[in-house]
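Just dropping this structure here.
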């Protein structure tokens, strides 16, 4: 309960203190108070609550309903309304913000306790449902669009070749075959990510952390990606340290992480570009950095990269297809291995994708 933060908004100081004391007696010790809507809006800039308890009629300034509306615009938080009135008009106005409870004064401690408990639980459940719906929607969007488009391209090139084979020059035939090959490879990568993601969502993706040498895994992934990089004349370098770097993680998951991040770097780096991979030890963690000279990402879109419900995708510099699914997998697998990922980027100046894994040494 100490981690639950509750904001109480009430213009009557005596009532405010009474509610705060009752809530703390329930075990919710991390509280903040405000006597006006304006004060509450200022406080949520630094105090991010897990629950808001607000009186509807706040006297001066904006009322509790408008305050709740503005708070919900900034953060996703459940609202409990307090009021001395239970008429239909007040209820109708209150319901605009979809409150989790509506309590009439004078408050009964049992009602307040139950309302807080239900609001916190229901909000947590609602978030899970939203994530599941977003996951389902993303899955069907990928199947409907990101898989259909490349197959249409492959079929289109094949139809041209079949129906006009004798009329097409050898140069164009080679060009069509290259396009079919490239599109097929990109589609295969997408299918592989879909299968891995489906297993992870169904709980069938085994988590088996072991001690292994990270240098070799990175080197193998670089070797695997060299042909893709060479097709765009991209320099792909791994600055392999002389020391053997050991980590404790799930080898298959780290392989998926590296494959996706290196593939993305190639996808969004133009011809003649450069990609560099480095390893460093920081605070008993191993940090891997994949830096490219690509098109970069805006600050607004960086925030969307790892969120299933944001649906941010863009095609590569050679119009390679992208679903955004790879980065969602990367984020999920890094967190599962007790690591963190962050991005540094600037439009037209490239990106650096950094992630950490727990350090391990051979003697362990």
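Between residue 45 and residue 160, what is 0.36 nm times their sequence separation minus the Cα-Cα distance? Round to one decimal in nm.
So the extension gain works out to 35.5 nm.
Something else about it: When 53, 196 are ordered from fewest to most other Cβ atoms inside 10 Å of their Cβ, what list results?
Ranking 53, 196 by Cβ neighbours within 10 Å, fewest first, gives 196, 53.
Ranked highest first by average number of other Cβ atoms within 10 Å, how do 4-11, 15-22, 348-355 line up?
Packing proxy ranking, top to bottom: 4-11, 348-355, 15-22.
I would also like to ask the following. What FRET efficiency would be calculated for the residue pair residue 60, residue 92, taking the C-beta separation as r and a Förster radius of 22 Å, to the nearest 0.05?
0.40
Another question, if that's okay. Would you work out the Kirkwood radius for region 19-76? I mean one over the mean of 1/r across all pairs of different Cα atoms, in Å.
11.9
With label points built 7 Å along Cα→Cβ from the Cα atoms of residue 176 and residue 226, find their separation and express it in nm.
Reported label-point gap for residue 176 and residue 226 is 3.3 nm.
So what is the 222 nm mean residue ellipticity for the chain from helices alone, if each DSSP H run of at least 4 adds -39500 (n - 2.57) and you divide by all residues, rounding to the nearest 500 deg cm²/dmol?
So the calculated ellipticity at 222 nm is -15500 deg cm²/dmol.
Under a 10 Å cutoff between Cα atoms, tell me which one of 306, 248, 47 has the largest fluctuation in the Gaussian network model of the chain.
So, out of 306, 248, 47, the one fluctuating most is 47.
Could you please rank 155, 218, 14, placing first whichever residue has the fewest other Cβ atoms within 10 Å of its Cβ?
Ascending number of Cβ neighbours within 10 Å: 14, 155, 218.
Using only Cα atoms, tell me the angle between helix 13-25 and the longest principal axis of the chain; keep it within 0 to 90° and round to the nearest 10.
With both axes taken from Cα atoms, the answer is about 60 degrees.
How do 28, 121, 102 rank when sorted from fewest to most other Cβ atoms within 10 Å of their own Cβ?
121, 102, 28
In a GNM of the chain with a 10 Å cut-off on Cα contacts, which of 286, 277, 56 has the highest mean-square fluctuation?
Comparing 286, 277, 56 in a Gaussian network model of the chain, the most mobile one is 56.
Cα gyration tensor of region 5-107, axes a ≥ b ≥ c as square roots of the eigenvalues: rounded (a/c below 1.5), prolate (a/b > b/c) or oblate?
Note, shape of region 5-107 comes out rounded.
Pulled fully out, how much extra length does the chain show between residue 21 and residue 213, if you take 0.36 nm times their separation in residues and subtract their Cα-Cα distance?
That works out to 63.6 nm of additional length.
Once you have a ≥ b ≥ c as the square roots of the Cα gyration tensor eigenvalues for region 182-360, tell me rounded if a/c is under 1.5, and otherwise prolate or oblate according to whether a/b is larger than b/c.
Cα axes put region 182-360 in the rounded bin.
Output the direction-averaged projected area (hull surface divided by four) of the convex hull of the alpha-carbon atoms of region 144-274, in nm².
Orientation-averaged projected area of the Cα hull: 10.5 nm².
Please find, in a Gaussian network model of the chain (springs between Cα atoms separated by less than 10 Å), the residue of 77, 104, 244 whose mean-square fluctuation is greatest.
104
Using the Kirkwood formula over every pair of different C-alpha atoms, what hydrodynamic radius in Å results for the chain?
24.4
A short reminder: the numbers here are calculations on the coordinates, not readings from a lab. Note that the structure is a prediction, hence the values are computed from the model and not measured. Backbone-built Cβ (ideal geometry, glycine too); neighbour counts: all protein chains shown.
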